[in-house]
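The values are calculated or read from the model by the stated rules, or taken from the named source; none is laboratory data. Given the structure is predicted, the values throughout are model-derived calculations rather than measurements. Here the Cβ is made from the backbone with ideal geometry for all residues, glycine too, and neighbour counts use every protein chain on show. SASA here: full protein model, heavy atoms, side chains in, ligands and nucleic acids out. Shrake-Rupley method; radii C 1.70, N 1.55, O 1.52, S 1.80 Å.
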Amino acid sequence: MANYTEENLAEELENQEYKFGFVTPIDSDTIPIGLSEDVIRLISNKKEEPLWLLEHRLHAYNVWKTMEEPKWAHVKYKKPDFQNIAYYSAPKQSKKYESWDDVDPEMKATMAKLGISMEEQQRLTGVAVDFVMDSVSVATSFKEKLGELGIIFCSFSEAVQNHPDLVRKYMGTVIPTTDNYYAALNNAVFTDGSFCYIPKGVRCPMELSTYFRINAGGTGQFERTLVVADEGSYVSYLEGCTAPQRDENQLHAAVVELIALDNAEIKYSTVQNWYPGDKNGLGGIFNFVTKRGICHTNSKISWTQVETGSAVTWKYPSCILKGDHSIGEFYSVAVTNNYQQADTGTKMIHLGKNTKSTIISKGISAGKSQNSYRGLVQIHKSAKNARNFSQCDSLLMSSECGAHTFPYIECKNSTAKIEHEATTSKIGEDQLFYCKQRGIGEEKAIGLIVNGYCKEVLNQLPMEFAVEAQKLLTISLEGSVG
Amino acid sequence: MITIKNLHASIDGKEILRGLNLTVNAGEVHAIMGPNGAGKSTLASVLAGRDAYEITAGEVIFEGTDLLSLSTEDRAREGLFLAFQYPVEIPGVSNVNFLRTAINEIRAYKGEESLSAKDFMSLVREKSALVELDSKLASRSVNEGFSGGEKKRNEIFQMAMLAPKLAILDETDSGLDIDALRIVAKGVNQLKSPENAAIVITHYQRLLDYIVPDFVHVLYKGQIVKTGGKELALELEEKGYDWIKDAHPTV
Ligand SMILES: Nc1ncnc2c1ncn2[C@@H]1O[C@H](COP(=O)(O)OP(=O)(O)OP(=O)(O)O)[C@@H](O)[C@H]1O
Ligand SMILES: [Mg+2]
């Protein structure tokens with residue numbers, strides 16, 4: 001993979017027609033704004049949920065009411081008005097078009113201009129893929145193959161209907177209902193998301209991405225994801241989309257839980273590109289996400305994220321290394337430009353013996369943005385011979401931006417080995433001059449330098465994603481040196 | 001090729017180039033020598049378009065166009081190449097990707113199509129063989145962890161790949177062993193044609209045994225104070241710069 005990424009990037013960057021997002025006005029089935037027990041009952045009712053789930057929601061809501069918004073993150077924003085949000089909205093878009101011909105030609109034209117692939121266009125418009133010639137084989141064979149292996153990959157709502165026992169068994173076991181303010185809110189009002197179960201000993205033969213998850217609607221404001229890898233199984237899961245995503249909803253508070261049972265491995269990759277607000281810092285999404293995984297004996301969870309979007313990001317994909325010999329990894333690139341603020345990092349909680357964790361974080365700040373890494377490495381008494389390696393690098397593109405690192409280490413076992421490295425550098429005038437002297441223009445030079453800087457992280461991404469992520473980094477930093 | 005007239009340039013308020021004149025015609029090789037701090041690298045940087053310098057007077061005509069009005073990258077695209085005295089490291093970016101980007105940017109500027117991966121790779125093979133560059137270096141990150149000599153050789157490799165009209169070599173010979181010196185010279189000589197030219201900045205006449213200059217200039221205190229044939233280099237080697245300095249106490 002090391003070979004392909006850069007080569008392809010060079011090529012792809014040449015046709016950089018990929019620009020900022022499009023907004024398509026859509027009608028939707030929305031309930032009135034505001035939050036109350038009645039609203040929660042209504043959501044649960046609309047989704048025809050079992051009683052236990054309604055009770056789960058109500059419990060979360062009642063606890064949430066008593067909680068306070070966290071204030072420790074290095075971000076500033078106006079607190080959302082929770083009574084001014086519509087908590088249920090089923091976009092008409094999610095109703096499938098019968099065929100590609102039915103899709104509004106204007107919408108097609110916009111997407112084509114954006115350079116979005118045909119398949120992606122169909123996914124975005126929610127065309128019933130089965131009706132589209134090109135994708136029939138892909139989609140059907142995909143579903144068949146997964147089905148044969150006993151892999152379940154569906155929307156969260158479907159899972160609640162069709163696999164209630166699995167959902168009930170695992171939901172909330174990694175992130176307690178009332179773990180934090182936004183997780184509690186999510187538990188009360190989540191509308192949909194993804195569910196994935198890999199049976200014992202099965203190696204999922206393809207990357208699972210929502211891209212192929214037919215029947216999935218829009219992601220929703222309070223997304224819920226649950227991935228369970230049973231003993232000895234393997235799955236690589238992709239979340240997000242590099243196409244710029246605009247959303248009417250200002251607040252996004254997702255909850256993602258990963259469960260790796262004994263000897264299992266989960267690779268979870270994200271590209272987050274929510275609308276960051278305009279150049280003056282107006283608008284943009286608040287992205288307050290809780291992501292956590294638990295590793296049982298000899299299992300491994302690896303989080304890879306490329307964060308370029310959102311006005312405010314607050315996100316710490318974490319691993320609880322419960323089982324002996326389990327491994328947690330966190331690879332992150334977070335880019336902030338203009339007035340964006342990101343406070344992101346990870347927690348590695350070592351409980352089992354011989355547990356190992358690796359943290360590689362690359363923060364890139366431009367414009368007047370603020371970019372913070374916040375990490376916790378916690379070695380419990382029981383975690384004999386635990387090992388951690390952390391590397392946090394910050395790259396500054398301007399003199400008005402900020403980069404901050406908050407690494408916390410709590411070690412209660414003297415056999416542990418913890419290494420931490422951190423660097424801060426400014427994008428080199430020398431490097432830029434060198435590139436330009438070879439005929440490479442400023443934007444491309446920045447793209448090259450930044451992608452080189454993030455290579456360790458980008459190399460963790462599955463192929464198609466890596467190429468797009470590199471493009472995205474370049475675009476996110478356009479006109480940012482100063 | 002290039003005509004430099006009365007060039008004055010300063011950095012941080014300090015004047016370094018003080019009325020420099022130089023004309024280089026196509027097909028010629030010019031050597032520039034001179035004591036440390038004379039302004040040789042400054043001249044190279046100013047011609048290449050480094051931001052930090054302020055041009056206070058003078059003009060530079062490169063192939064009929066006003067060089068100083070072009071951006072750094074456009075100067076490169078017009079065929080000006082600088083082999084750096086201190087080549088820069090770009091971690092995580094392979095030499096190959098770097099050069100491919102450069103070549104395709106230059107081609108785009110000229111309205112030419114991008115080079116296919118296949119053609120590009122065969123060019124890499126040809127040119128790396130020419131400068132005897134280890135093929136491993138071609139795929140490693142740009143200059144990262146290269147030895148001093150490898151960096152210099154990589155500059156010549158890049159020059160060979162980009163085939164510029166005017167190459168400015170800033171002390172490419174320093175830090176090179178005798179074999180590397182010969183190889184670098186071979187690279188420069190290969191590029192030599194009636195359409196191209198080179199300005200070779202060096203402290204050692206040794207290099208000029210391999211790259212035979214048409215003219216040798218002495219740069220001192222921001223001016224060209226003496227010009228001669230290749231025998232001037234020998235004379236400087238023998239006598240040092242004192243006699244030049246004595247002749248120009250107040251430049
Ligand atoms: N930022 C700066 N501020 C002040 N003076 C500077 C600055 N940069 C360079 N100089 C000075 O400019 C003068 C010319 O430097 P230059 O690098 O061009 O010399 P050179 O002829 O290439 O020397 P050498 O043979 O040592 O490479 C030196 O006196 C140097 O100290
Ligand atoms: Mg010098």
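Things worth noting here:
- Residue under evaluation B:Glu155, criteria (1) surrounded by fewer than 23 Cβ atoms within 10 Å (Cβ to Cβ); (2) within 16 Å of ligand 2 (Cβ to nearest atom), criterion not met: (1)
- The set of residues from the stretch B:119-141 being away from chain A (no Cβ under 12 Å) and open to solvent by 20 Å² or more (accessible area, probe 1.4 Å) comprises B:Asp119, B:Ser122, B:Leu123, B:Arg125, B:Glu126, B:Lys127, B:Ala129, B:Leu130, B:Glu132, B:Asp134, B:Ser135, B:Lys136.
- Residue within the stretch B:37-54 that is within 16 Å of ligand 2 (Cβ to nearest atom), closer than 23 Å to A:Gly441 by Cα, small (Gly, Ala, Ser) and out of contact with any helix residue (DSSP H, G or I) (no Cβ under 9 Å at 6 or more places or on another chain) present: yes
- Boolean, B:Lys14 is closer than 17 Å to B:Tyr220 by Cα and more than 16 Å from ligand 2 (Cβ to nearest atom): no
- Residues of the stretch B:158-187 satisfying the condition of being open to solvent by 10 Å² or more (accessible area, probe 1.4 Å) and away from every other protein chain (no Cβ under 14 Å): B:Glu171, B:Ser174, B:Gly175, B:Leu176, B:Asp177, B:Ile178, B:Asp179, B:Arg182, B:Lys186
To keep it simple, each residue is scored yes or no on (1) at positive phi; (2) open to solvent by 10 Å² or more (accessible area, probe 1.4 Å).
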| residue | (1), (2) |
| --- | --- |
| B:Arg18 | no, yes |
| B:Gly37 | yes, yes |
| B:Val46 | no, no |
| B:Thr56 | no, yes |
| B:Glu59 | no, yes |
| B:Phe62 | no, no |
| B:Thr65 | no, yes |
| B:Leu70 | no, yes |
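- Among the residues making up the stretch A:194-208, a single one is β-branched (Val, Ile, Thr) and part of a strand (DSSP E or B): A:Ile198.
- The stretch A:463-482: number of residues that are in a loop (DSSP other than H, G, I, E, B), open to solvent by 20 Å² or more (accessible area, probe 1.4 Å) and not small (Gly, Ala, Ser): 2
- Applying the criterion of being within 13 Å of ligand 1 (Cβ to nearest atom) and polar (S, T, N, Q) to the residues of the stretch B:6-64, the residue that is farthest from the other protein chains (Cβ to nearest Cβ) is B:Asn36.
- Conditions (1) surrounded by fewer than 22 Cβ atoms within 10 Å (Cβ to Cβ); (2) at pLDDT 95 or above; number of the one not met by B:Arg50: (2)
- No other residue among A:Tyr331, A:Tyr339 is open to solvent by 10 Å² or more (accessible area, probe 1.4 Å) and in contact with a helix residue (DSSP H, G or I) (Cβ under 6 Å, 6 or more places away or on another chain) apart from A:Tyr331.
- The single condition from (1) within 16 Å of ligand 1 (Cβ to nearest atom); (2) buried (at least 17 other Cβ atoms within 10 Å of the Cβ); (3) not charged (D, E, K, R) that B:Gly240 fails is (2).
- Filtered by the rule that a residue be out of contact with any strand residue (DSSP E or B) (no Cβ under 6 Å at 6 or more places or on another chain), more than 7 Å from chain A (Cβ to nearest Cβ), under 30 Å from A:Glu456 (Cα atoms) and more than 16 Å from ligand 2 (Cβ to nearest atom), the stretch B:71-107 gives B:Glu89, B:Val96, B:Leu99, B:Ile103.
- In the set (1) crowded, with 21+ Cβ neighbours inside 10 Å; (2) at pLDDT 95 or above; (3) away from ligand 2 (no atom under 16 Å from the Cβ), the condition left unmet by B:Ile32 is number (3).
- Only residues that are under 26 Å from A:Tyr434 (Cβ atoms) and either open to solvent by less than 10 Å² (accessible area, probe 1.4 Å) or within 16 Å of ligand 2 (Cβ to nearest atom) (or both) were counted across the stretch B:189-216, and they come to 10.
- A:Glu48 meets all of the listed conditions (1) over 17 Å from A:Phe286 (Cβ atoms); (2) open to solvent by 60 Å² or more (accessible area, probe 1.4 Å); (3) in contact with a Ser or Thr (Cβ under 8 Å, 6 or more places away or on another chain) but one, namely (3).
- The strands (runs of 3 or more DSSP E) found wholly in the stretch A:266-327 include none carrying at least 2 residues that are free of Cβ contacts under 8 Å to residues at least 12 places away in the same chain, of a type outside the set (Gly, Ala, Ser) and over 21 Å from A:Cys196 (Cβ atoms).
- Test: A:Ala383 is aliphatic (A, V, I, L, M) and either open to solvent by 10 Å² or more (accessible area, probe 1.4 Å) or within 14 Å of chain B (Cβ to nearest Cβ) (or both): no
- The condition (being under 27 Å from A:Met171 (Cβ atoms), away from chain B (no Cβ under 14 Å) and at pLDDT below 70) is satisfied by just one residue among A:Ser99, A:Ser44, A:Ser94, A:Ser36: A:Ser94.
- Residue within the stretch A:405-413 that is open to solvent by less than 50 Å² (accessible area, probe 1.4 Å) and of a type in the set (S, T, N, Q) present: yes
- Restricting the stretch A:400-455 to residues that are among the small types (Gly, Ala, Ser) and away from every other protein chain (no Cβ under 14 Å), the residue that is farthest from A:Val335 (Cα to Cα): A:Ser414
- Residue check for B:Val60: aliphatic (A, V, I, L, M) and away from ligand 2 (no atom under 16 Å from the Cβ): yes
- Test result for B:Arg107, away from ligand 1 (no atom under 16 Å from the Cβ), buried (at least 23 other Cβ atoms within 10 Å of the Cβ) and free of Cβ contacts under 8 Å to residues at least 24 places away in the same chain: no
- Of the strands (runs of 3 or more DSSP E) that lie entirely inside the stretch A:369-462, those containing 1 or more residues that are in contact with a Cys (Cβ under 8 Å, 6 or more places away or on another chain) and farther than 24 Å from B:Val142 by Cβ span A:370-379, A:402-411, A:417-426.
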